[in-house]
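Student: Once you've had a glance at the structure underneath, I'll fire off some questions.
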Amino acid sequence: MTGDTEEKRINDTEGTDSGTGDKANLITCSSCSRMNPLTRTSCIYCGIDLELDDDQRRELRPVLRKIEDYEPGFNLIFVPTEDKADHSASALVAEMLRLDRDETLELLRSPHPIPLGRAAKENEATVVAEKLGAAGLGILVIGDGELAFNSPPKRLRGIEFVRGAILPLLFNPADGSPPPSAVELIVTGTIVRREVSSSEKRVRGGDNRVLDSAEIGTDERVLDVYVEGDPSGFRIRENGFDFSCLGSSKKMLASENLPLLTEKLRLEFPSAAFVDSYGKMRMHLGHAWPVDETASSKGFERKSFGGYARLRTVATDNEAQF
């Protein structure tokens, strides 16, 4: 049952007051004329954005529903300031974004911009940003389209340093030949892939008991480089990249060369922004940008001691999150 469906059921059961009091505290939809609680920016029944007057906008306390990964959304990005968030601000964020209060306070103490949540509609995201802004928090609303989730950085097989710029050499030559450009942003991170295979047996009571499991995975460090005039960027992986651009500093192992290349880029482009916080902040991103997880069943196998066990595989990949 989705969040909207559950909320609609509760409102119907309780005469649509949803704990907000009499009808004066409800918002009437201009399209279907149904009543909505002050936690809504769009109609529960027909989905249209609610028309809010100034008083309703001040009283509104929207609560974001969880939207599916495939749904387009609007991201609420917290931008830290010198003033640290207090407990009242964290309580407001926890209420509106359905987060744990302790985790929320930790998020708001981040020295780096971080996503707090995603809204299904721009109007909803804007109202939440206004509310949090009034509580002293800096919030940016950025749509999925602007973040270009569906346009990952283009993979590089090498680069050449020219005066004041780099010449990107694409892994797939069919993608064209980018011109030499100055580097504006350098981002480091790790792509983590895991696959857990298990056999489970249903036991009395309807629960599943894991009989055995096995895990395989890879951790690959990557370096993303964004150049002037190209927001999509380029990706350098440890494997499959020619580190000849390091010259005599090149080492035997790719794991040694990637940090050297990072340092060389920072020296060549001292004005470029450098971000290496993904590893530290990764655990706090899942509520807004979860890792990709795919579960699949591989049927059943007969066990030697009798009965059958279900074979199941769960694969996770954080590349889209990064």
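The values are calculated or read from the model by the stated rules, or taken from the named source; none is laboratory data. Owing to the predicted nature of the structure, the values given are computational and were not obtained by experimental measurement. Every residue, glycine among them, receives a Cβ derived from its backbone with ideal geometry; neighbour counts consider all protein chains shown. Areas reflect the complete protein model, heavy atoms only, side chains present, ligands, DNA and RNA absent. Shrake-Rupley method; radii C 1.70, N 1.55, O 1.52, S 1.80 Å.
Student: So which of CYS46, CYS29 is crowded, with 17+ Cβ neighbours inside 10 Å and either farther than 28 Å from TRP289 by Cβ or modelled with pLDDT of 75 or more (or both)?
Tutor: Result: CYS29 is the single residue among CYS46, CYS29 that is crowded, with 17+ Cβ neighbours inside 10 Å and either farther than 28 Å from TRP289 by Cβ or modelled with pLDDT of 75 or more (or both).
Student: Of the residues that sit in segment 250-290 and are surrounded by fewer than 13 Cβ atoms within 10 Å (Cβ to Cβ), over 30 Å from ALA120 (Cα atoms) and of a type in the set (Gly, Ala, Ser), which one is modelled with the lowest pLDDT?
Tutor: SER255
Student: As an exercise: evaluate ARG163 against (1) at pLDDT 85 or above; (2) in contact with a strand residue (DSSP E or B) (Cβ under 8 Å, 6 or more places away or on another chain) and give the number of the one condition it does not meet.
Tutor: ARG163 satisfies every listed condition except (2).
Student: Taking segment 154-196, which residues are open to solvent by less than 40 Å² (accessible area, probe 1.4 Å), in contact (Cβ under 8 Å) with a residue 12 or more places away in the chain and of a type outside the set (A, V, I, L, M, F, W, C)?
Tutor: Hits for segment 154-196 are GLY158, PRO168, PRO178, SER181, THR188, GLY189.
Student: Got a sec? Which of ASP224, ASP219, ASP230 is under 24 Å from the mean Cα position of the chain (by Cα) and loosely packed, with under 12 Cβ neighbours inside 10 Å?
Tutor: Only one candidate qualifies: ASP219.
Student: Separate question: Go through (1) open to solvent by 70 Å² or more (accessible area, probe 1.4 Å); (2) at pLDDT 75 or above; (3) more than 19 Å from LEU132 (Cα to Cα) one by one and return the number of the condition ASP22 breaks.
Tutor: Result: ASP22 fails condition (2) only.
Student: Condition check: under 17 Å from HIS287 (Cα atoms), surrounded by fewer than 16 Cβ atoms within 10 Å (Cβ to Cβ) and touching a residue at least 24 places away in the same chain (Cβ under 8 Å). Does PRO113 satisfy that?
Tutor: yes
Student: If you go through segment 197-212 one residue at a time, do you hit one that is closer than 21 Å to LEU261 by Cα, open to solvent by 60 Å² or more (accessible area, probe 1.4 Å) and without any contact (Cβ under 8 Å) to a residue 40 or more places away in the chain?
Tutor: no
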